[in-house]
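Take a look at the structure below.
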Amino acid sequence: MRQLERVGIVLMVLAVVALPTAVHGSWNVPLTGLLLASGGTLLWWREHPRAVVGVGGGLWLLAALIGTGGWFPDPALVIMALLAGVAALAWRGRAARVAGAGLVAYVWLLWSIVDTSLVAVAMFSVPSFFAGTVLRLRQEAAARLDARNRELEEERELFADLARRHERSRIAAELHDIVGHAISVLIIQAAAGQRLVDDPERSRAAFDAIAESARRGREDLGRLVELLGGTEVGGPDLSLIEEVVTRAAGSGLDVTCRFSGDRDGVAAPVAHIAFRVVQESLTNALRHAPGAAVRVEVAGSGRALRVRVQNDQPIQDALALGGTGRGLAGLRDRVREAGGRLDAGPAPGGGWLVRAELPLRSPAAPSTGR
C-alpha cells in the first residue's frame, strides 16, 4: 500500500511539473529541478511531516522566486496545496494556530511573487490546510477512542479477574463451612465411638450420628454443585439455624437456641450468612470446647438481624482437629460484604463469644444454598 502511494506521488509530481514544462517547451532547469525536489519531499509526508513542510515549502518558494518574470507551470500549485495539507497534519494546538498564521503569510508572499491571481493561490492553499486540519482532528478523535477502548478492555479484564477471584473465594468459604463442619462432627463421633465400643447402644448412636453428618454433608455439597452448575436452588431461611442446632445437639453438643423479634422479611442471603455464622461457631465449639454449653441467640429488630453464639469453657480435653484458620476470617469478609459486622473473641468470664449484626436486606449478596 505504501509502495503504491509513493508511486502515485512520483507520477503526480511528474504530471504537474515535468509534463507541463515539456508541453510548453520552457526548460528552466533550476526552476524545474526545484519544483521536482519540492514535490519529491512529499514521499516522506507520513514519517517527517514537519520536515516535508519546511524543506518542500522552501524549495517551492525558491522555485517561485526563480520563475518571477518568466514562465511558471501553474499545475505546480497542486504541490503547494498538498504541502498546505501536510502542514495542517504536522502541528497541533497552539502550534497549529501558528502554522495557520504562517500559511496566511505564505499565501500573501506567493501572491506578491508569482504572476498569478490571489484567488488561485488561495484556492490551492487554504482549503487544503483546512482539509488537513479536519483529517488531523479526525485522527486525534480516533486515537482517543482507541485509547479509551483499550482502557475499557483493560478495566473489563480487571473486573472479570476480580469477579473470578471473588467467586473462588466464595466457593472456598462454602466448601470450608460444609466440609469443615461435617468432618469435625465425623471425627468427634468417631472418637466417641471408639471410647464407647463396649457400650453397643451408645456406640450405635455415635455411628448413627456419623452417618447422618456424612449424609448432610453430601446433600450440602450437592446443593453447592447445583449452584455452580447454574441450577436454581431455593433460598435459605432462618429455619436452617434451628436445623443445624438440632443436628449439633444430636451429635452430643450441649446447645440451646433462642429466637426473638421478627423473623419475617429476612432476605435469603442474610439468612444464609446468619446460618453460616452459627454453623462455624458450633464447629469451633465442637473442636475447641468439648463438653462446654453453647447458647445461640438470634434476634430480629428494626432493620438488623443480630446473631450471638457463646460457649463456656471446655470441660473435656480438646481433640487435635487443627483447622485452616480461615473460618472466622472468611465469615468476617462475608458479613462485611453484606453491610454488617462480626466480632469474635474471649467472652467475659471465660469461653468464646461470636456476635454478628446484619442488615435485614442485604445490599448485594449472591443467592446461595445451604
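The values are calculated or read from the model by the stated rules, or taken from the named source; none is laboratory data. Since we're looking at a predicted model, the values are computed, not measured. Here Cβ is always computed from backbone atoms with ideal geometry, including for glycine, and neighbour counts include all displayed protein chains. Note: accessible area is taken over every heavy atom of the protein model, side chains too, but ligands, DNA and RNA are not part of it. Shrake-Rupley method; radii C 1.70, N 1.55, O 1.52, S 1.80 Å.
Observations
- Segments 142-149, 165-172, 47-54 sorted - mean Cβ within 10 Å per residue, highest first: 47-54, 165-172, 142-149
- Amide H to amide H, with H built 1.01 Å from N, GLY261 comes under 5 Å of GLY300, counting only residues 5 or more places away or on other chains.
- Between PHE130 and ARG164, the contour length at 0.36 nm per residue exceeds the Cα-Cα span by 7.2 nm.
- The stretch 239-299 - accessible surface per residue (Å², probe 1.4 Å): 34
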